[in-house]
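Here's the structure we're looking at; comments come further down.
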Amino acid sequence: MRAIWKGAVSFGLVSIGVKLYSATEEKDIRFHQVHREDGGRIRYKRTCSVCGEEVTYDDIAKGYDIGGGEMVILTDEDFADLPLTSSRAIDVLEFVPAEQVDPILYNKAYFLEPEGAATKPYVLLRDALIDSERVAIVKVALRQREQLATLRVREGVLLLNTMLWPDEIRTPDFGFLDEDLKVRPPELAMASSLIDSMTGEFEPDVFTDDYRAALQEVIDAKVEGREVVQPEEVEEAPAAAVDLMAALKASVERAKAARGEQPARAGGGAGEPTPISSARSAQKAAEKKAAKAPAKKTAAKKTAEKKAAEPAKKTAAKKTAAKKTAAKKAEPAKKTAARKTASRKSA
């Protein structure tokens, strides 16, 4: 890394010589504007809107528009008298708890390295900050501008975070803030449950810039002269208007499923059924119904066969009973005929 600033941290009567390094870097893929036909770089000329002449950097000054077409011109001599150009101090103003600094104020981050014999007071300030669990509020002049900043410790190194001034933070002014919107307690409880189910430890390394990786793949493919095979994108159906409570319940179920947790069952003391669990229960019920259907059909066939056989059995039984009755009625006649035969034989 290359130091971009040298100065000293003023800590009471202690002065700590330091070098300033950019602690972050943007990984955006940058492009040049070129002529589409031949790839030539596009150049811009600095021309005056009044006389039309091309102007060099030496002839360029800073102008402040005061309105009405009037401009106040400031030269290098005007800036030379300002105290910021020669100030090389990081003045510690006070020490405050870190949680009192709103993160929206943070702007850029810089590492501080001790210079020369300043290592011991540097380490002293670092350890004191760690022991006090506070951050130092400081003022520093960077890039011809006085800035508010904090000093804290990160991985054993003092970190300077420049901050925006309070008047640089915009006040939100949106219509919904004036509306009287009421959130029902069950909705708030379900939203809290969703937050609980999605709570984890922040590990920044697990998150990646997918767009930058895909763009780099396109560039590499161009360089190597190969085609880029883009994965097919699944078009999501437009979101329909859904009940807020149902959407929250479904979100909780999905978060629990992603963590490998068992979904809550209805009637088991684990809460009401959700849309997802209801759908799963309905699917299981349909499968059970489909499995029972063949058995029911077989039983129905047997019942039908029994019903069909019953009239035939009843008819056969009736015929048998009729035959027995006829036989009984014929017995006296048979007996009388037998007697007559016997009388004739005796005579």
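The values are calculated or read from the model by the stated rules, or taken from the named source; none is laboratory data. Since the structure is predicted, the reported quantities are computational estimates derived from the model, not experimental observations. All Cβ positions, even for glycine, are placed from backbone atoms using ideal geometry, and neighbour counts span all protein chains on display. Ligands, DNA and RNA are excluded from the accessible area calculation, which covers all protein heavy atoms including side chains. Shrake-Rupley method; radii C 1.70, N 1.55, O 1.52, S 1.80 Å.
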Of the listed residues (R143, R134), the one being charged (D, E, K, R), open to solvent by 20 Å² or more (accessible area, probe 1.4 Å), farther than 26 Å from F79 by Cα and within 38 Å of the chain's Cα centre (by Cα) is R134
**Request:** Kindly check whether there is at least one residue in region 108-118 that is in contact with a helix residue (DSSP H, G or I) (Cβ under 6 Å, 6 or more places away or on another chain), surrounded by 13 or more Cβ atoms within 10 Å (Cβ to Cβ) and either of a type in the set (A, V, I, L, M) or outside any helix (DSSP H, G or I) (or both).
**Result:** yes
Note: among D38, D91, D58, D28, just one is open to solvent by 60 Å² or more (accessible area, probe 1.4 Å) and in contact with a helix residue (DSSP H, G or I) (Cβ under 8 Å, 6 or more places away or on another chain), namely D28
Considering residues that are surrounded by fewer than 10 Cβ atoms within 10 Å (Cβ to Cβ) and assigned to a loop (DSSP other than H, G, I, E, B), the number found within region 167-224 is 17
